[in-house]
Each structure stands twice: as structure tokens, then as C-alpha cells.
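What follows is a single structure, and I will ask about it in a moment.
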């Protein structure tokens, strides 16, 4: 039986699986594929390229997709939110910034307000601002986050929410075991990034996807090295998780020195990124890369996660019944 939760009911989904709105990776093609498979695809609003966002929102066509923003970056270009809301998305996800200034506008437009949080204080603030879904993101996730682990953060956020809104687990989820575990922790679904990055529809370089397939979670690092190289250091306390490479091994622990050479290194980094040279350019990926062994269609990933979780939950239920009086 398909897994039904408050998340699937609220967002009208077949499966409680959301696509993380990864900058440039989660485009219309990937988001549409996830939504058509029964989850909810979220197009990544990223750092705020209005032309790119408009093109991808339009390219989604009749696919029921939402959009996600890096909130502190979007706040510098408020027209981006209006651009998205004009398309009547079912949900808007805000991450890494103050929610309150944007909450009413999103809800008035008929979109569900999804807020990603990394601490309990952020969760409280999001609830007070009117969040309708909380995404509890652990530090295992690829890309930017804080320091708390998923396994402890998710039930803490569930307890804080006290059933007022659905909670979604993010960080370290790449298969049905992750979804089943999230449900056991009290969550209503999962938000998945790295596993969807390594799919055929994701707008990333094939070489980056192949590195994810070959990598181990032991080969990921969290820090600001790659932000320095991109001339895009985030506000504290956020750091980014990426795969280790020659660039990180050269500069790790030497961030202050890298800042002194930022001009030259940023030029090298930009050239490497354009050329698909991932010995220098970073591949954003989470610790769950251990669980990624292929590059299938996104719909297959949705189906695998849902099917595996359903089987695990059914098996646990059956074992629990054995021997009961």
C-alpha cells in the first residue's frame, strides 16, 4: 500500500518524497520528473537568476512543481518571489533566512509555505511565521547547512511542532531505508537531494554524477573553501558539504591564505567549473553518496524509495504482530 501521511494529504502527493531545490541542478526537467512520479519536484531558485527561473518555471509546463529559494539571497531581489508566485506553484520552500517578511505573500497566493530549518530556534521562528511544512535538515546533507545530525534533529523538531504541521526529514536520505526511518522518527516524509542529483534528468555534468556514484560519504567535507573560490561566502553559521578533490586537499585548513589569493583562485575555479574539471570545481554532495550506485531516471528513484519503505514498514508491522496474544 502507498504510504499516506499528512504531507501527502496536504500537498496532494502519491508518495511523501520531495526533491530538494538544488541550485541549477533542480531544473524543470528534474522537478517535473519527480512530480510526475508521484512526489513533489521543487525547482531551485538558487541565488536569483530571474531569466533562468522564468525559463524553467515555464518549461515545467503542466507538471505540478514548486519552487525553492535561498531566502537571504532572494530577499535582495524580491521580484523573484513574485515571478514564481505568478505561476501559481503548489508550494514555495524557503531556506537559510528570515521567513516572516515573505510568509503572508506566499500563502495569499495559494502556495503552501515550506520552511527548511537546521536548529530548533529556526523551527520556532518558522512556526511563528506561519510555516505549513517544516523540513528538518541535518548536517549530513550536501550543500549548505549547520551542524546538527538528522537522526536527532528530526524528532526534536517533531516534538516542537506538536502535530501542528507536517515535518519532513532531510540530510542523508537516499533510499527506502531513509524514508522508513524518517517516518519512525515522527516525520511525514523526506526531502532528497544527492540521490536525485545522480539521475538522468538532473542538470549536472555527467562527470559530476559519476564522481558521486564512485564516492563514499567519508570523502565529503564541510567548510567554506568552495564558497571562497566562488566569491560567495555565506553568512554564519552556514557551511557547505562537497566531495573532496585536489582543490580541497590543497587548501583545507588554509582558508585565511586562500582569501589572500582569492582573485587568482576564483578565476581558476570559474574556468574549471566551465570546463567540467572536478579536480578543482566542487561537486555538492551529501554523506548519502555511499547509497548511490547508479544514474537512473528520477522516476525510478521515486519508485525505489517508496517501494523499499513500504516493504520495510510492512515487514516491521508483521514482525511486531508475531507472537502477540
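Each reported figure results from applying straightforward, stated rules to the coordinates on display, with no laboratory input. On a predicted model such as this, the values are computed, not experimentally measured, just so you know. Don't worry about glycine lacking a Cβ; one is built from the backbone with ideal geometry, like all the others, and counts go over all protein chains shown.
Any chance you could tell me what percent of the C-alpha pair distances in region 206-287 go past 20 Å? Please list the in-between numbers first.
Numbers: 901 of 3321 pairs.
Value for region 206-287: 27 percent of Cα pairs lie more than 20 Å apart.
Cα gyration tensor of region 1-69, axes a ≥ b ≥ c as square roots of the eigenvalues: rounded (a/c below 1.5), prolate (a/b > b/c) or oblate?
Values: a/c = 2.67, a/b = 2.06, b/c = 1.30.
Prolate, because a/c is 1.5 or more and a/b exceeds b/c.
For helix 150-161, what angle does its Cα long axis make with the longest principal axis of the chain, in degrees from 0 to 90 and rounded to 10?
60
Counting other beta carbons within 10 Å of each residue's own, what order do 55, 268 fall into, fewest first?
The most exposed by this proxy come first: 55, 268.
Pairs of alpha-carbon atoms within less than 8 angstrom and 6+ residues apart define the contacts here; what relative contact order does region 181-320 have, in percent? Show your work: numbers first, answer last.
Numbers: 156 pairs, mean separation 47.5, N = 140.
The normalised contact order for region 181-320 reaches 34 percent.
Tell me, what is the percent relative contact order of the chain, built from C-alpha pairs under 8 Å that lie six or more residues apart?
Working: 683 pairs, mean separation 56.1, N = 325.
Over the chain, the number comes to 17 percent.
Take the chain, connect every pair of alpha-carbon atoms lying under 10 Å apart with a spring to form a Gaussian network, then pick out the residue of 308, 140, 263 with the largest mean-square fluctuation.
263
For the modelled label position 7 Å from the Cα of residue 108 along Cα-to-Cβ, which residues of region 63-94 have backbone nitrogen atoms closer than 16 Å?
78-88
So for region 112-201, averaging the separation of alpha carbon pairs under 8 Å that are six or more residues apart and normalising by length, what relative contact order in percent results?
Numbers: 170 pairs, mean separation 22.5, N = 90.
So the answer I get is 25 percent.
So for the chain: antiparallel DSSP bridges make up what percent, rounded to the nearest 5?
25
With springs only between Cα atoms under 10 Å, which of 146, 167, 67 fluctuates most in a Gaussian network model of the chain?
146
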